[in-house]
1. Would you mind ranking D255, D193, D204 so that the residue whose beta carbon has the fewest other beta carbons within 10 Å leads the list?
2. Testing the spin-label approximation: label points 7 Å from Cα along Cα→Cβ at T100 and F171. State their distance in nm.
3. Per 0.36 nm of contour for each residue apart, how much would the distance between K143 and K200 grow if the chain were fully extended, relative to their Cα-Cα spacing?
4. Would you mind checking the pairs K51/K254; K151/K189; K40/K66; K111/K189; K151/K200 and listing those with alpha carbons more than 27 angstrom apart?
5. Where in the stretch 196-245 are there trypsin sites (Lys or Arg not before Pro) that are in a DSSP coil and have at most 15 other Cβ atoms within 10 angstrom of their Cβ?
Amino acid sequence: MSNENVSEKTNVLRTGHENVSVQPIEDTAATTSQDIPQEKIDFKVIYNKQKININFALDGTVAELKAHLQNIISVPQVMQKVMFKGLAKDDQTLRNLGVTKGAKVMIVGSKLDDVLAVSIPSKQDLADEASSTASKEPLSQQKIHRKVLDKGIPDDVMPGILDSKEPLPEFPISGMLNKSGGKVRLTFKLEQDQLWIGTKERTDKIPMNSIKGVHSEPIHDHPEYHIMGIQLGTTEASRYWIYWVPAQYISAIKDAILGKWCYF
């Protein structure tokens, strides 16, 4: 048998008297799908009495729409709810929802800045907090927090129980105070994976998976109550401080928001 040299770069089939070159087959399906332009649609987004013209892919999902809107309406993606003939699910496409040209899609959600507005510290507060943090002074002895604590225990605060761990009550935890001294209540909507922070003026519905952390310390002269900071953003200024939280609910609150063993 004669030796044949087979080139790795050239594929040749020898059939009888013919030499047939075999060309590599390209993945035309992938190329074709990339080349096909996505069908887009013009519609209006209604948010906070604003009407915003949007051009978006008809086969884009609700989750992708939220990501697109995040910088336009300044509402974090996880805090948006898309309403079109009811609450839209993240995996639904605009086509599935029946969105047509000129349709109106409503967005519900709170801006992070609005949620934090009631507890935004002044420059002096930030300086005091930085100084106290550097000296590792307990929260309840820091000047920035004493401004609220020195007003005394609120008349309608729920009783605090020292050295006790209780599950979350079936009703809101109420009677507490925020950074500006306003009354705060916490409602845990576990079936919706949301924490509702309610004040006299508003109720902010915060997805629990958007909360970065929960920090708490006992109030040194009333250890049956805690100061609790809910981390809504990435900086110290984005902590939502709550005062006079009953000590028996602290562990259950952290478990509900972050899951067991995930808090600090």
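Throughout, read-outs are computed from the coordinates displayed, never taken from laboratory work. What you see is a predicted model; the values in this text were computed from it and never measured. Note that we place each Cβ from the backbone using ideal geometry, even for glycine, and neighbour counts take in every protein chain shown.
1. Numbers: D255 17, D193 14, D204 21.
Exposure proxy ranking, most exposed first: D193, D255, D204.
2. 4.9 nm
3. 18.0 nm
4. Working: K51/K254 38 Å; K151/K189 31 Å; K40/K66 16 Å; K111/K189 20 Å; K151/K200 19 Å.
Correct reply: K51/K254; K151/K189.
5. Details: sites: K200, R202, K205, K212, R239; in loops: K200, R202, K212.
Hits after loop and neighbour filter: K200, R202, K212.
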